[in-house]
1. Is it true that Ala182 is under 20 Å from Ile31 (Cα atoms), open to solvent by 20 Å² or more (accessible area, probe 1.4 Å), modelled with pLDDT of 95 or more and hydrophobic (A, V, I, L, M, F, W, C)?
2. Being in a strand (DSSP E or B) and open to solvent by 40 Å² or more (accessible area, probe 1.4 Å) is the filter here, so list the residues in the range 185-209 that pass it.
3. Considering Gly60, Gly68, which residue is surrounded by 14 or more Cβ atoms within 10 Å (Cβ to Cβ), part of a strand (DSSP E or B) and within 19 Å of the chain's Cα centre (by Cα)?
4. May I ask you to list the residues in the range 71-98 that are more than 21 Å from Asn194 (Cα to Cα) and open to solvent by 60 Å² or more (accessible area, probe 1.4 Å)?
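The values are calculated or read from the model by the stated rules, or taken from the named source; none is laboratory data. No experiment lies behind these values; they were computed from the predicted model shown. Don't worry about glycine lacking a Cβ; one is built from the backbone with ideal geometry, like all the others, and counts go over all protein chains shown. When the accessible area is computed, the model is the full protein with side chains, heavy atoms only, and any ligands, DNA or RNA have been set aside. Shrake-Rupley method; radii C 1.70, N 1.55, O 1.52, S 1.80 Å.
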Amino acid sequence: MRKFYLSLLLAFGAFLFSANNSNAQVGIGFIGGLSTPSDEINNIYNSDNLGSVGKFVRDGAKTGYHFGVKIRMPLVSGIMLTGGAAWHRFPESTIDVNDPTTGSKLITLSTVQDIIPITAGINYYIINTGIGLYGTGELSYNYNKNTVNVDYNGTSIPANFDTAPTYNRVGAGFGAGLDFNAFLFLANLEAKYNYANIIGRDSGEELKAYFTLSLGIHFGTASAR
């Protein structure tokens, strides 16, 4: 865990040092949204769910969600350097433990996977007038952790054991986004397909992929002019 936080500080330090040396305007943003494992995409992004915003958000959040921070720095016309960190949580399975005599529920065991990527990438703007349309690509350093939580009488208590060891992997993400100028801030919608462990997988370890749909607000820099 200490190595993870050190990597986070070094990544942001390098980003801010680069921004300071280039005299570029740096903006900060906050994002949140849905994180959907690759095998759940068809179950969430279908006509039944997309017809109702409420149902879409509720069902999507059950498979995964995220919150994070983004930094943007214009490089040249139409190109934006990006960096950031986020927390992605994927609830995986739930097991109820019942009293064998009464059948009443005693506790609930739930397994959860957390992925925390530190990212650096590029936004390339195809349109950049009142609305910005861009393609994006990034590299990520991912901190992965699987845990078991115990729910007792509505209170969630982290268990003292992990379902798998904590590990780090290098990944990448590719997608597209839209920027909307809202005067006081820049609103953003971004869709991205992410690979969490392209480099550093153990023998037999499957490739982990997930899709993210993020809403964000950004301050300090409007676009890549």
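1. Numbers: under 20 Å from Ile31 (Cα atoms): yes; open to solvent by 20 Å² or more (accessible area, probe 1.4 Å): yes; modelled with pLDDT of 95 or more: no; hydrophobic (A, V, I, L, M, F, W, C): yes.
No; evaluated as a whole, the condition is false for this residue.
2. Listed by number, the residues that qualify are Leu189, Tyr193, Tyr195, Ile198, Ile199.
3. Working: Gly60 fails: part of a strand (DSSP E or B).
Going through Gly60, Gly68 in turn, just one is surrounded by 14 or more Cβ atoms within 10 Å (Cβ to Cβ), part of a strand (DSSP E or B) and within 19 Å of the chain's Cα centre (by Cα): Gly68.
4. If the condition is that a residue be more than 21 Å from Asn194 (Cα to Cα) and open to solvent by 60 Å² or more (accessible area, probe 1.4 Å), then Leu75, Val76, Ser77, Thr94, Ile95, Asp96, Asn98 are the ones that fit.
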